[in-house]
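The values are calculated or read from the model by the stated rules, or taken from the named source; none is laboratory data. None of the values given here were measured: they were computed from a predicted structure. Neighbour counts are summed over all protein chains in view; Cβ atoms, including those assigned to glycine, are modelled from backbone coordinates with ideal geometry.
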Amino acid sequence: MAVDKKAEKAPKVADPIAASIDTATQQMIRRAQELNIETVFDRAVTMKPCNIGIQGICCKNCAMGPCRLPLPKGGIEGEDTRKGLCGATPNTIAARNFIRMIAGGAAAHSDHGRCVAEVFMSVARKETTDYQIKDPEKLIAVAPNFGVATTVEVDGETKDRDFDEIVLEVAKKAMAEWGKPEGSLHYLNRAPKPLQEKWKKAGVEPRNIDREIVEIMHRTHMGVDQDYKNLMKQGTRAALADGWGGSMIATDLQDVLFGTPNPIQSEANLGIMKEDHVNIIVHGHEPVLSEMIVAASQSKEMLDYAKTKGAKGIQLGGICCTANEILQRHGVPPAGTFLQQELAIITGACDAMVVDIQCVFQNLANVAKCFHTKVITTHPIARMEQDNVLHIEFDEHHAMDDAKRIVKLAIDNFTNRGAEVMIPRQKATQIAGFGVEAIQYQLGGTFRGDYFTLNDNIINGRIRGIGGVVGCNNARARHNEAHIAVVKELIKNDVIVLTTGCNGIACAMEGLLTPETAGVFCGPGLAEVCETVGIPPVLHLGSCVDNSRILLAATEVVKAGGLGKDISDLPAAGSAPEWMSEKAISIGQYFVASGVYTVFGVNLPVTGAPVFQDYLFKEMENLYGGKWDLIEDPIKHAQAMIAHIDKKRKALGIDKARDRVLMDMADRQKLESA
Ligand code: SF4
Ligand code: MSK
């Protein structure tokens, strides 16, 4: 048979339908292929992952390696004799790799928090006028958690303390969390008391944020810590320093500076871009610059300038968690999730892609070369080598000037667009902006001022439990498929979902973040609650650092009473169906160490070390009440979460209440059909 040489040489490309469930994404993958522009979806087809690395059993911590310890075909029978040149076991190697991922993730979140704390310090010292304190009440609420008094005694009378003094003291205390020489992190005191006791007993209270990350790098150096349990102890310290430290400080100070989120309507997906507007896409994680870009792009000066170039206005959109930050505070719509970043440029209508830190593809610069798009890096620690990338370094002391410079550059670039504009039409409406305080208001009410109504509905069985579903996309899995399948399965079974990160954007694109969704996708109990209160069954709590909001929401549920004494008692479970980043591993570990059963999808780099895997998946529950799991199939993944929720309901003695609620509904349905 004659071989078609041309077909043989044709580069392998992704099948758009196999690559994503989202039709806008499929359309843009096709568009990219027509234009011969390679995207991450194509690269995922041509480059397969390393089969040993994926199992976590490749060590390159010294130059005698890399030492690779593949599992023997047919599994381990008898003693596991695999070892590296130095004798390191699969458990040691997998645990070292795992906690180095925690170090990477905790460092990323915590450095983000440090940057926000530095801006906050500039405000406290009155070194900048571009930023102000937008939510003084939140500052007063969080100050005592840092041990900062908000009142003073004067002549036997209690008076409010000078506000500026409080701001400065909070700024100093917050900054000290990264490097104080003794004690432990202040925010640990926000956790339920039994959890604090567990941390103390296990000896994992973080001392300061930087130290825990540095110590991981030391312990995992060749020839130091060679006991997987001791390695995980340090991994837990660093993860807690992220969740109850750097991330939580980032969330709080961002709320203080930029406003605490409230429910707000917006849209999501590539269809938010407008052909007749200047389109600016902000991408990354830190809101300190994007807050200024929002203000600059809404200023009369910039809007008038855009009109002089023939644009009808300025459309701002976001990708990843910078998107979530400006969505929850300003209603700026996300243009897509992590895997859609290249596609935003391939529309041909992106006049500037402004990036800061984390989750930014270096390939953006290569894609931008095919269009007029300006890729602008803004952070001193995150630059790109390609020569078409502009670097405009952001400085909080002249933040508005920097933001205006960037917006003006995008406006000037509007007239350089080529003919090849194609913006998909798909976009969906969403309601975002559910912080801890907003949930308290929506579900607790001002009268009781706590989570009583939520607890009541969990106890009476209308709400079966709480699912925290978060995290990234992963090009090794079909874009958004597992995100949506897990969330739909949970809400169908009356589990209310708290979402952050790219899962939040995926749910928004699918239209799951509207109150109307309840009547379509939810079980009868959850639908009834959502319809009565007027909330979506999936509550968007923000960005990756805002996973700290989920920890605090869970703590509020414990405090409201009736559902046990600790987070591990709650009918709740966590999930990251399409995770990819090291931050997700840090988040997973701080959820587990806070008492949450946490299920990951795709894969987990521990499968090549079965003993270490067992430690994470089983034994860890004895220490903290939470444990890891890996389930790729999204329905089985959600069902495992539901089974855990039911186990906790039974332990609380509230499983019968749910049976009664369901019986009531069936009775009602019988009546209706009679
Ligand atoms: Fe191999 Fe040990 Fe060096 Fe790792 S530390 S590369 S296992 S010799
Ligand atoms: S952005 S870390 S891809 S959630 Fe926070 Fe999305 Fe994951 Fe980045």
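At-a-glance table
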| quantity | calculated |
| --- | --- |
| Number of the exception - Ile496 against (1) assigned to a strand (DSSP E or B); (2) within 16 Å of ligand 2 (Cβ to nearest atom) | (2) |
| Residues (more than 24 Å from Trp579 (Cβ to Cβ) and more than 6 Å from ligand 1 (Cβ to nearest atom)) located in the range 54-65 | Ala63 |
| Candidates Cys507, Cys472 - the one that is within 16 Å of ligand 2 (Cβ to nearest atom) and part of a helix (DSSP H, G or I) | Cys507 |
| Pairs with Cβ under 6 Å, 6+ apart, first in the range 484-511 and in contact (Cβ under 8 Å) with a residue 24 or more places away in the chain and in the same structural domain as Val599 (by TED's automatic domain parsing), second among the β-branched types (Val, Ile, Thr) and within 16 Å of ligand 1 (Cβ to nearest atom) | none |
| Among (1) buried (at least 21 other Cβ atoms within 10 Å of the Cβ); (2) within 16 Å of ligand 2 (Cβ to nearest atom), the one test that Arg96 misses | (2) |
| So Arg649, is it more than 20 Å from Val486 (Cα to Cα) and at pLDDT 95 or above | yes |
| Cβ-Cβ under 6 Å pairs, at least 6 apart or on other chains, the range 303-331 side over 16 Å from Met353 (Cα atoms), far side among the aromatic types (Phe, Trp, Tyr) and at pLDDT 95 or above | Lys309/Phe414; Ala311/Phe414; Arg329/Phe258 |
| Answer residue from the range 471-508, given it is within 11 Å of the chain's Cα centre (by Cα) and at positive phi and is nearest to ligand 1 (Cβ to nearest atom) among those | Gly471 |
| Selected residue [under 30 Å from Pro49 (Cβ atoms) and more than 16 Å from ligand 2 (Cβ to nearest atom)] from Met384, Met422, Met400 | Met384 |
| Ala108 being away from ligand 1 (no atom under 16 Å from the Cβ), touching a Lys or Arg at 6+ places or on another chain (Cβ under 6 Å) and either within 23 Å of Ala475 (Cα to Cα) or outside the structural domain of Gln362 (by TED's automatic domain parsing) (or both) | yes |
| Of residues in the range 530-562 being surrounded by fewer than 24 Cβ atoms within 10 Å (Cβ to Cβ) and assigned to a loop (DSSP other than H, G, I, E, B), the one nearest to ligand 2 (Cβ to nearest atom) | Ile535 |
| Verdict on Ala94 being more than 6 Å from ligand 1 (Cβ to nearest atom), closer than 14 Å to Ala609 by Cα and either among the aliphatic types (A, V, I, L, M) or touching a residue at least 12 places away in the same chain (Cβ under 8 Å) (or both) | yes |
| Residue among Gly336, Gly318 that alone is under 24 Å from the mean Cα position of the chain (by Cα), on the phi > 0 side of the Ramachandran plot and not assigned by TED's automatic domain parsing to the domain that holds Tyr131 | Gly336 |
| Residue list for the range 510-529, filter: part of a loop (DSSP other than H, G, I, E, B) and touching a strand residue (DSSP E or B) at 6+ places or on another chain (Cβ under 8 Å) | Glu510, Gly511, Leu512, Leu513, Thr514, Pro515 |
| Residue check for Leu364: within 16 Å of His479 (Cα to Cα), away from ligand 1 (no atom under 16 Å from the Cβ), crowded, with 21+ Cβ neighbours inside 10 Å and not assigned by TED's automatic domain parsing to the domain that holds Gly501 | no |
| Restricting the range 386-416 to residues that are at pLDDT below 95 and part of a loop (DSSP other than H, G, I, E, B), the residue that is surrounded by the most Cβ atoms within 10 Å (Cβ to Cβ) | Phe394 |
| Test: residue in the range 114-134 that is closer than 30 Å to Ala399 by Cα, surrounded by 20 or more Cβ atoms within 10 Å (Cβ to Cβ), within 16 Å of ligand 2 (Cβ to nearest atom) and among the small types (Gly, Ala, Ser) | no |
| Qualifying positions in the range 569-620 - at positive phi and either more than 16 Å from ligand 2 (Cβ to nearest atom) or in a helix (DSSP H, G or I) (or both) | Gly595 |
| Any hit, the range 514-527, residues being closer than 20 Å to Gln328 by Cβ, away from ligand 1 (no atom under 16 Å from the Cβ), surrounded by 24 or more Cβ atoms within 10 Å (Cβ to Cβ) and at pLDDT 95 or above | no |
| Matching entry among Ala88, Ala95, Ala149, Ala108 (being part of a loop (DSSP other than H, G, I, E, B) and within 25 Å of Gly588 (Cβ to Cβ)) | Ala88 |
| Some residue of the range 252-266 being under 25 Å from Leu541 (Cβ atoms) and touching a Cys at 6+ places or on another chain (Cβ under 6 Å) | no |
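Matching residues to (1) within 16 Å of ligand 1 (Cβ to nearest atom); (2) under 23 Å from the mean Cα position of the chain (by Cα):
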| residue | (1), (2) |
| --- | --- |
| Ala553 | no, yes |
| Ile567 | no, yes |
| Ala572 | no, yes |
| Trp579 | no, yes |
| Lys583 | no, yes |
| Pro605 | yes, yes |
| Gln613 | no, no |
| Glu621 | no, no |
| Trp628 | no, yes |
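Here is a yes/no grid of residues against (1) at pLDDT 95 or above; (2) under 22 Å from Ala368 (Cβ atoms):
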{"position": "Met1", "(1), (2)": "no, no"}
{"position": "Lys6", "(1), (2)": "no, no"}
{"position": "Ala24", "(1), (2)": "yes, yes"}
{"position": "Gln33", "(1), (2)": "yes, yes"}
{"position": "Ile37", "(1), (2)": "yes, yes"}
{"position": "Phe41", "(1), (2)": "yes, yes"}
{"position": "Lys48", "(1), (2)": "no, no"}
{"position": "Leu85", "(1), (2)": "yes, no"}
